[in-house]
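Here the structure comes first, spelled out in C-alpha cells, and everything after it is commentary.
The values are calculated or read from the model by the stated rules, or taken from the named source; none is laboratory data. Given the structure is predicted, the values throughout are model-derived calculations rather than measurements. Positions of Cβ are generated from backbone atoms using ideal geometry, with glycine treated the same way; all protein chains shown enter the neighbour counts.
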Amino acid sequence: MLSLASSAICQTTGSPKTYPVAALQQDLAFLKKKLHALHPALDMYASAERMESCFDSLGKSIQQPLTELQFLSTIAALYPLLGDGHTLFLPGTDDQGRSYLPLNVTWLDEHLFITANGTSDEHLNAGREITRINGTPVASIMDTLLMHQIRDGRNTTYPRWIINNYFKEYYRFSFGEPATFTIELRSERGPEEVLIGSLPSDSIRANITRNASPEMITDKPTGITLRFEKGDEVAVLTVPTFEANTLRSDHGQKANAEVTNAFERIRERKMRRLILDLRGNQGGDPSLGKLLLSYLLDEPFTLVSKGPASCRSKPQRGPFTGQLVVLMDGGCFSVTGMVLSCLERHHRATFIGEEAGGNKVVISGSPRHVRLPNTGIDCYISTRIWRLTDGPNDGHGVMPTIAISPTIEDILIGRDAAMEEALKALE
C-alpha cells in the first residue's frame, strides 16, 4: 500500500500549498484517535495489530512536506483494512475552478477504454484503448486508484464502479493536477501519443456533448420509472436511489407514492413478470427499501437483524408474487445492499449482473464528519453498525445468479446486455 501511495505522490506537479511533516504527523494521529473513538467495528476485516502496524508504516513514510492531495493519497491506504464504504476521506478545499483529465473512461477486463471525449482532438474517440497516462502504465494507475478506494469488506466491484464513474476526480486525488496529459493509445501501427491539456468540468461536459454519437447520448435520469416490455408482458421498475430527498429535489417525486403507484399499476394489469433495475442505486432511506420489499415478499421480513431499523415488517395486501428478476452491479450499495440481501435470504429473485457493492451480512454507517486540523481534509467516519443476518461474513455482497458485465462494444452501441438477459430469463 505504501509503495502505491508513494508512486502517486511522486507524480503530483505544480506548486500547491504543502504542509510540514510535523503537521502531517499531527493529522495522522488525530485521524487515528477519531477512528478508534467513533468507528463501531475497526477490527472487522483487520486485526488491531495490523491496523496499528499500518498507522506506524504510514507515519514513517511521511518524511517530507506534502500537499493536501498527497496526504489524502497516503491515508487512503487505510481503506482496504477498514472495509467500510461509509468511512471516507475527501479534499477539504473547494473544487471550483479545478481542471481535470478531459476524458471519460471505463476499466474493463484489465483494459482502459475511452467512453467519451471531452477534448477537441479527434484521435481520442470513444472506444480507443489507453495504455499509459503521463508515462505510467494504466495497470499501475488502476492499482493505485483501486487500492485508494472505499469498499465494503473485500468487495472489488464497488471500487471499480466508483472509478469508472468518477475517474477524472479520483485520478486527481492520487496523481495531482498536471496541466497537460500525454495519452498513449493502442493502435495497429504501435503506440500512438496524444498531448492534451487539462480542462474545467463545464468545458469537458460541453465537448462530450458535441462529440458524442447518438448511441452514447443517454437521457437524464427521471427518478423512479415503470415501463412495460415484450408487448406489455413484462414490467420494468427502475429505482435509481432510495434517497427520498433526492427523488423529491431532482425529480419532483414523492418516493413512497411512486413505489405504491407502480405496484398498483402492476396489479391492475395483472402482471406476472417483473424486472427490478437497481443498478447504480447507492442507497438512501431504509424505510423506502422496506416499502419496496413489502410489495415483493408475501411473508414477514426483516431488513436488519440487529441495529437501527431492525423491526419486523409485514408484506402489503396482495403483493407481487410473480417472477422477479433483479438487475444489479457494483453501484448497489448501502440500503440497496440490504434490499438485495433480504431478497436473497427469501429466495425471491433471479439476480443478473455483477456482485453488489454493499455487504450482504453487515454494514457500517451513520458517518460523523471530522475535519483534520491542519490539512483540512474532510473525514466521514461510521458510528453505527447494521447486522443484516446472523450468517457468516465473507466480506462480499450478493452474487449474481447470472453474471453479466458490459463490453466496450456494448457501451459504444448503447446495448444493455443485462436487460436483454433478464428478458430472456423471463421467456
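Here Arg205 passes the criteria (1) farther than 23 Å from Trp161 by Cβ; (2) basic (Lys, Arg); (3) surrounded by fewer than 19 Cβ atoms within 10 Å (Cβ to Cβ); (4) in contact (Cβ under 8 Å) with a residue 60 or more places away in the chain except the one numbered (1).
Within the stretch 400-423, not a single residue is buried (at least 24 other Cβ atoms within 10 Å of the Cβ) and under 19 Å from Phe301 (Cβ atoms).
Just to be sure, is Phe71 within 24 Å of the chain's Cα centre (by Cα) and part of a strand (DSSP E or B)? When the stated conditions are applied, Phe71 does not pass them.
Please go through the stretch 46-68 and pick out each residue that is under 30 Å from Asp394 (Cβ atoms) and either part of a helix (DSSP H, G or I) or of a type in the set (Lys, Arg) (or both). Answer for the stretch 46-68, where residues must be under 30 Å from Asp394 (Cβ atoms) and either part of a helix (DSSP H, G or I) or of a type in the set (Lys, Arg) (or both): Ala48, Glu49, Arg50, Met51, Glu52, Ser53, Cys54, Phe55, Asp56, Ser57, Leu58. In the stretch 360-374, the condition of being crowded, with 24+ Cβ neighbours inside 10 Å, touching a helix residue (DSSP H, G or I) at 6+ places or on another chain (Cβ under 7 Å), closer than 21 Å to Leu38 by Cβ and polar (S, T, N, Q) is met by no residue.
Yes or no, residue by residue, for (1) in a loop (DSSP other than H, G, I, E, B); (2) at pLDDT 95 or above:
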{"position": "Ser140", "(1), (2)": "no, yes"}
{"position": "Leu145", "(1), (2)": "no, yes"}
{"position": "Arg154", "(1), (2)": "yes, no"}
{"position": "Pro159", "(1), (2)": "no, yes"}
{"position": "Glu169", "(1), (2)": "no, no"}
{"position": "Arg172", "(1), (2)": "no, no"}
{"position": "Leu195", "(1), (2)": "no, yes"}
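Applying the set (1) assigned by TED's automatic domain parsing to the domain that holds Ala179; (2) buried (at least 22 other Cβ atoms within 10 Å of the Cβ); (3) assigned to a loop (DSSP other than H, G, I, E, B) to Ser120 leaves exactly one unmet item: (2). Screening Ser203 on (1) under 30 Å from His396 (Cα atoms); (2) part of a helix (DSSP H, G or I) shows it passes everything except condition (1). Screening the stretch 408-420 for residues that are touching a residue at least 40 places away in the same chain (Cβ under 8 Å) and farther than 16 Å from Arg279 by Cβ and picking the one that is nearest to the chain's Cα centre (by Cα) gives Ile408.
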